[in-house]
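The values are calculated or read from the model by the stated rules, or taken from the named source; none is laboratory data. What you see is a predicted model; the values in this text were computed from it and never measured. Backbone-built Cβ (ideal geometry, glycine too); neighbour counts: all protein chains shown. Accessible surface is based on the protein model in full, side chains and every heavy atom, while ligands, DNA and RNA are left aside. Shrake-Rupley method; radii C 1.70, N 1.55, O 1.52, S 1.80 Å.
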Amino acid sequence: MPEQEREERLAAAFVELADAFVDDFDAISCLQLLATRCVDLLDVAAAGVVLSAPEGESLEASGSDEHSRRLERLGVEWGEGPGLDCFRSGRVVDGALLANGRPHASWPRFAPHALLSGFTSVTATPLRLRGRTIGALSLFRGQPETLPLAQLRLAQALARLATIGILQQRAAHRQSVIVSQLETALHSRVVIEQAKGALSHRHRISVDEAFTLLRGHARSQRRLLTAVAEEVLNGTTDPPLPRTETTD
């Protein structure tokens, strides 16, 4: 590929990735784009990705084609493979899938499937930023030679861009959730205070007594306090005052 054309394709890939992590964000689709562009720009046959969920309790997988996607998904299912080793260690994993005529010993199920797909070597680099690893990018080759260092550096730059985009989107989502929770809590507080005032005025009792009445009614009905408070305000619920015992 001519140098000028390569530079233009490289610049386009960075712009495309940056745009993908802004508009209609979907992490797996964006990582599939990352894998596809690695195949376009690097001397690799395919690329796969694994990504941890925000809570870190599960892994998702994708790839540049059906073979790599299936490999990564099987690796997640089996708990083995270069991508998982890279994700767990946070370091580059570089090795032949076939050594001394046998599949890689650390990947007893993954390696044979990779070999059947025509891959003989792999390099995996982490999706990592400031000591935090959220996934891995695996680069599969059809020849036994390791990926040249310059190409590995380019793959790491693309992976870093993807990692930044994912972490920024997750941070924005968390912030949005927090704001929503605060707004809900504030709304609940306002509704409950208004309901207390309405009951206090309606039954000519103190605000504290009104709150006790409201809370007791919600508990007896096994309902949320805010829901009962809203019904008090719209007039569909009127908790009765507790009966007072009289003596003869």
**Asked** Per residue, how much space in cubic angstrom lies within the convex hull of the C-alpha atoms of the stretch 88-190?
**Response** 137
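Using a 1.4 angstrom probe, figure out how much accessible area the stretch 20-159 has per residue, in square angstrom, rounded to the nearest whole.
Numbers: 6370 Å² over 140 residues.
Computed with neighbouring chains in place, this is 46 Å² per residue.
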**Fill in**
Cα-based Rg then Dmax for the stretch 74-134, in Å, read 11.9, 39
**Request:** Go through the stretch 79-94 residue by residue and turn each phi into a ³J(HN,Hα) via Karplus (6.51, -1.76, 1.60, θ = phi - 60°); whole Hz please, and just put x for glycine and proline.
**Result:** x, 8, x, x, x, 5, 4, 5, 4, 5, 8, x, 10, 5, 10, 9
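Run through every distinct alpha carbon pair of the stretch 30-70 and return the Kirkwood hydrodynamic radius in angstroms, one decimal place.
Working: mean 1/r = 0.0956 Å⁻¹.
For the stretch 30-70, the Kirkwood estimate is 10.5 Å.
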**For Gly142, residues with placed amide H under 5 Å, excluding near neighbours** = Ala45, Thr120
**Complete:** Within the stretch 24-116, DSSP-loop GluC sites (Glu not before Pro) with at most 10 other C-beta atoms within 10 Å are Glu55, Glu57
**Prompt:** Around Gly135, which amide H atoms from residues at least 5 apart in sequence, or from another chain, sit under 5 Å from its own amide H, with H modelled in the peptide plane?
**Reply:** Ser52, Leu127
**Message:** Per residue of the stretch 122-132, what does 6.51 cos²θ - 1.76 cosθ + 1.60 with θ = phi - 60° give for ³J(HN,Hα)? Whole Hz please, x for Gly and Pro, Karplus curve as stated.
**Reply:** 8, 10, 10, 10, x, 8, 9, 8, 6, x, 10
**Gain on full stretching of the segment that runs from Leu186 to Leu224 - 0.36 nm per residue minus C-alpha separation** = 12.2 nm
**Complete:** Phi angles of the stretch 197-206, converted by Karplus (6.51 cos²θ - 1.76 cosθ + 1.60, θ = phi - 60°) into ³J(HN,Hα) in whole Hz with x for Gly and Pro, give x, 5, 5, 4, 6, 5, 9, 6, 10, 6
